[in-house]
1. Outside any loop (DSSP other than H, G, I, E, B) and either in contact with a His (Cβ under 9 Å, 6 or more places away or on another chain) or closer than 30 Å to A:Thr831 by Cα (or both): which single residue out of A:Ile681, A:Ile669 fits that description?
2. Quick one: which of B:Asp440, B:Asp497, B:Asp432 is at pLDDT below 90, away from chain A (no Cβ under 14 Å) and surrounded by 20 or more Cβ atoms within 10 Å (Cβ to Cβ)?
3. So is A:Gly697 part of a helix (DSSP H, G or I) and out of contact with any Pro (no Cβ under 7 Å at 6 or more places or on another chain) or not?
4. Testing A:Val162 on (1) at pLDDT 95 or above; (2) over 29 Å from A:Lys798 (Cα atoms); (3) surrounded by fewer than 19 Cβ atoms within 10 Å (Cβ to Cβ), one condition comes back false. Which one is that?
5. Can you tell me which of A:Met352, A:Met365 is within 27 Å of A:Gly242 (Cβ to Cβ) and touching a helix residue (DSSP H, G or I) at 6+ places or on another chain (Cβ under 6 Å)?
6. Does A:Met733 qualify as being closer than 11 Å to A:Ser550 by Cα and surrounded by fewer than 24 Cβ atoms within 10 Å (Cβ to Cβ)?
7. Could you list all residues from segment A:736-745 that are in contact (Cβ under 8 Å) with a residue 60 or more places away in the chain and not basic (Lys, Arg)?
Amino acid sequence: MFLRLLADVRWRAANPKWRRMTCSQRSTSSTAEPYPVSLPAQAQVVICGGGIMGTSVAYHLSKMGWKDIVLLEQGRLAAGTTRFCAGIVSTARHVSIELKMADYSNKLYQQLEQETGVKTGYMKTGSISLAQTQDRLISLKRIASSLNVMGIPCEIITPKQVAQLHPLINIHDLVGAMYVPEDALVSSANVSLALATAASRNGVQIHERTSVSHVSVQKGRVTAVETDRGQIQCQYFVNCAGQWAYELGHSGEEPVNIPLHACEHFYLLTHPLKEPLASNLPTIVDPDGRIYIRNWQGGILSGGFEKNPKPLFTEGRNQLEIHNLQEDWDHFEPLLSALLRRMPDLEALQIMQLVNCPESFTPDMRCIMGESPTVRGYFVLAGMNSAGISYGGGAGKYLAEWMVNGYPSENVWPLDLKRFGALQSSRTFLRHRVMEVMPLMCDLKVPRWDFQTGRQLRTSPLYDRLDAQGARWMEKHGFERVKYFVPPGKDLLDLDQSKTFYKPDWFDIVGSEVKCCKEAVCVIDMSSFTKFEISSTGDEALESLQYLFSNDLDVPVGHVVHTGMLNEKGGYENDCSIARLSKRSFFMISPTDQQVHCWAWLKNRLPDDSNLTMEDVTWKYTALNLIGPRAVDVLSELSYAPITPEHFPSLFCKEMSVGYANGIRVMSITHTGEPGFMLYIPIEYALHVYNEVMNMGQKYGIRNAGYYALRSLRIEKFFAFWGQDLDAFTTPMECGREFQVKLEKGMQFVGQEALLEQKQNGVYKRFTMFILEDHDTDMDLWPWWGEPIFRNGRYVGKTTSSAYSYTLERHVCLGFVQHFDEKTGEELVVTTDFINQGEYEIDIAGQRFQAKAKLYPFSSLFTHRRRKDEEELSGYQRE
Amino acid sequence: MCVCPGPRRIAIPVRSSRLPLLSDAMPAPAHLFPLIRNCEISRICSTVCYCHHKHLCCLSSHFAHSHFSYAPQKKFAALYRPKENFNHFIHMRDYASTPQRFYLTPPQVNSILKANEYSFKVPEFDGKNVSSVLGFDSNQLPANAPIEDRRSAATCLQTRGMLLGVFDGHAGCACAQAVSERLFYYIAVSLLPHETLLEIENAVESGRALLPILQWHKHPNDYFSKEASKLYFNSLRTYWQELIDLNSGETTDVKEALINAFKRLDNDISLEAQVGDPNSFLNYLVLRVAFSGATACVAHVDGVDLHIANTGDSRAMLGVQEEDGSWSAVNLSYDHNAQNEHEVERVKMEHPKSEEKSLVKQDRLLGLLMPFRAFGDVKFKWSIELQKRVVESGPDQLNDNEYTKFIPPNYHTPPYLTAEPEVIHHKLRPQDKFLVLATDGLWETMHRQDVARIVGEYLTGVHHQQPIAVGGYKVTLGQMHGLLTERRARISSVFEDQNAATHLIRHAVGNNEFGTVDHERLSKMLSLPEELARMYRDDITIIVVQFNSHVIGACQNEEL
């Protein structure tokens, strides 16, 4: 009666062989006696959740040598979303880390049956993503480019070729498609059982029908897990509870925020066709029709991501309800229409069932993994945005590496739990946001896209003022930031129509803001930056920071230091500016989304010393960036203080008065390489100072500017940005920032050894600036990030960010160049000569553009320079 | 002076550029219907495009357009004899090189339909609504520019009960406007007991604050004329003074009060025009009121007693839910027009036998007027001498207007027209769920049975359809798709409306052959430029009153 999918699960679970393997100590079948085996009193790791994520983590942990693992499942293994999952393994992903996870999963599942003896239903069918519009085709071409350079076969094909690959498709409205021949289908429940089988062979204990009530925490560390069958003491807890992860995270005394929310997800199962469909027929993804279609037991399985999703379990519910969810045909109607439009011959096909299977979604459509910032030893892997089976293998592997080695083998910052904080954990926020996220699965992913829901949460005190002056907003970590200001009388396109891969409609607006930054003075509200104050009664602050940061912080009071916060491998955990306010107190500025990560990093590493205090003062200051050659004039008129370079050299910090307001922290940095100042203003003075600056600035041609202008300025100056260009796998040596590292500062610091080694042996990748040569700004596709870089026709790396430089009148891409041995593919040391002696091309959606590589910025750009460029150049920057 | 919301608010892109061409340049009109294919035009012509100007149809072409004050001649030329023009449109279509496509989107359609919608819920007292009326929804869709229909709703404050009415004006909106402002006061005063009348008179006499008589429930677009309020008040005061003097002492019968109020107001309208006013604006106003006309259909609801007073061809209809849940319609008014044998009989009785043939011609009174009873229309009430005297002594505008100077043919024994209403009393029963008052614009396009069903289903929320479940049935994808599409079509029109009257108008204008709302058709009908809208439809004004079955049931039991 129920799907065969489920029948398989039950059979497998009841299979004697399986029972022997997983529950060797059980006396009889689990259905007769629910709790035949008592729980162990302690274990190294307790994993909660027996779906694809939990079993994958158990599988990988046990493979890496950790044996003392207990996996708890409240119902039966693979019984939640995993059971209902459509079972499509697709590598066509936009984010490179997701692509890598999917690729690994595919390879893992392929050999899983052989490894475990459990049938996984793995079938290499390939997948075809259809494009009904040119824009969609561009989007597919971009994915194809990144798949190809990763060695995953993939091609862009014509509608005719689509018809040859799949007999039922109506191709009349198609402009093209992307074919990924190695994509596969699996029975997701069986994959999960296979992983569990292998894990239990490796010693993992699996207990079904055991639910976790909460996790006990002492001194910020996991100590035990409380279940309905007793307590298990443990060092590590892994929350793989899927859509219940949020509630589980909040069940303990020390809440762990896991922002995800479930939505109903529907797919259709049919009886077999008269001529049953071949089981190797490719899976069809029609994002413009918002549907996917796979073959299923001679018939089809088709679901989709509707425009009007139905979030559920907002109040939190128990698991039972997942089984009783109603089919909603009226809701499914648009998807059914899309299906029949795509495959008109299916009209006569008989319906078997409409399955309603909740999926969990996250606020940014990326999954959640990593360690809790507040509770050590509490790991999370959840929020798969309906791609659980594609990510399952890879995500489990990265998390296992993270737990065992302290860090995964790839940069997983885009998926890190610490990109979120408590502020994304409101139920209302999540409910509203996932209603936007789910349709986005099928929407065109274009550059500079902003979420529209859950906005105006954190705002600067100047928000209304700026908004009234035409500000257009984007959001970062809940904070509203200005993109640009639309001049009065000028109108931009509607949000939907403004989606483009080409020149955007704000081009001239940002151009004039950049011009003003170059020639006069602009104000940018940059209040969103994360700001910490660290102080101590003695020298503890200095000593600790000297250990945690690579640059020398023992500078005279009033100096600002740009420095990386490195990990043991020398990679950037954070990139910040630190001002020494006094002998014993420091003011630290980091990127907006570092608020949770950086706090956790420092908290875990600063000595537990009552003399040392760290405070998050982000909310206390409004930050105004005065950029431009006339900034000095505005500021000196407002403060009656000499601001000439002699009195106020670059990288300096002074408390002074601006207008009536006293105690404004003024720093001679702008994060762009342009001359100017950052003003850190206690929020109650914000409006006053802003008004004074604007009034006084009038005669110097002052105007408001936004982050797009800032971004263009910083990229043309070759400034890297943490989170975009820099990550935990990038060292200062690799991005030309040796001068921010004081290897000889007289004391050890984190990452020192790794950097010393790199200094001796050279680096294996190098941050490089590319100027596009034959690129027509008006006609050609714009670069974004993630474009493959080719050197003498060979792939050498990817771009990490790009912007149009209004000064060079060219596009500038920043990215990393690697050196692969031509024969072995082995990574070789990248030398300056290697960079300089190559012909470069950047691949934008399959079209290659010549590019000039540079390791240093254009000095001729600094026409308005008034300080030593070296110092300001070393400036870290933000966007 | 008329406020005209609705279609005018929507800028119709083709209109402004081609308006001057309308009278002489023929290719232009083809642009008007880029979306209506030839066959569709003929369909629409055959179904909807009969002349709605029937109230005054057979006047010479210059009078065909009922607005007599300032209508430019050019406009008339294009409007007159629409069928001929349409033949032109059809031919001209071939010449239109690049037909401009324009379509109203569903939101635009909604904004037009909802521009005049109004809802009133009777406030609950102590958590309970003790009134037999739950509330009402009303709405108007103009076809004339400005609209000639009016509506009113008010709660009587000194007596019990609620008054609701629709008024369909002709030959301009002045009379309908005046009636909509004044009639309820006349009714309320007629209903007042002697003591209250005295109290009010004393208050006016001594300059004290007046007891409020009516609480109006008005849409912001329903306006009252400020200039005439003094004049109107004086007439009303004279009326109640006379009532005080008469002092019958008997308790007022609602039916009698309604008839008296109607007749008295019509009389006052007539007198005011004869006397004139020193203020030239007012003088012109009272003349326009008297020379234009209006029908009225008024409901007075007090507990289980429902009185309908009707003058003219607007209609009141009761929606009754049968035991099996189906809906049926009960007429609570008779149309006063040529289709009503009793009316024809009555008119013939009132005039000499010699006039029998000329009294009703082409289904019209004296071959001219569609409704057989109406307010105003002094051309059908005054003697020829009086008409001439008033017009000649009237302001120039009036004198210049050919319509006012025109005397109906075979005009021998005035008056031919009366404003006396026919009053029907109905005791409300629990199965009486709602009352629809509407001008003939609605009844021309919809049968009352359909009206009862559509409103009934709307109010009881039948549209919240049962979910579909496949269960064990054999259903194909195609069948399911068909079923879902149909459900969607049915649902979509309901969910868009929060107002039963709007919902009804949507059906009246947009219904296709199958009785479901066809958005394309709706969009076309509403996209008509105002010069043409009148040929396809009349002004529609609807009030849907919802009854409180619980209260009615309780009242019934008490009485038993």
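The values are calculated or read from the model by the stated rules, or taken from the named source; none is laboratory data. Since we're looking at a predicted model, the values are computed, not measured. For neighbour counting, all protein chains shown are included, and Cβ atoms are generated from backbone atoms with ideal geometry for every residue, glycine included.
1. One residue alone meets the criteria, A:Ile681.
2. B:Asp497
3. Yes: the conditions hold for A:Gly697.
4. Every listed condition holds for A:Val162 apart from (3).
5. Working: A:Met352 fails: touching a helix residue (DSSP H, G or I) at 6+ places or on another chain (Cβ under 6 Å).
Selected residue: A:Met365, the only one of A:Met352, A:Met365 that is within 27 Å of A:Gly242 (Cβ to Cβ) and touching a helix residue (DSSP H, G or I) at 6+ places or on another chain (Cβ under 6 Å).
6. No.
7. A:Gly736, A:Phe739, A:Gln740, A:Val741
Yes/no matrix, rows are residues, columns are (1) in contact with an Asp or Glu (Cβ under 6 Å, 6 or more places away or on another chain); (2) in contact (Cβ under 8 Å) with a residue 24 or more places away in the chain; (3) aromatic (Phe, Trp, Tyr):
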residue: A:Arg630; (1), (2), (3): no, yes, no
residue: A:Ser636; (1), (2), (3): no, no, no
residue: A:Phe648; (1), (2), (3): no, no, yes
residue: A:Ser657; (1), (2), (3): no, no, no
residue: A:Tyr660; (1), (2), (3): no, yes, yes
residue: A:Gly676; (1), (2), (3): no, yes, no
residue: A:Glu692; (1), (2), (3): no, yes, no
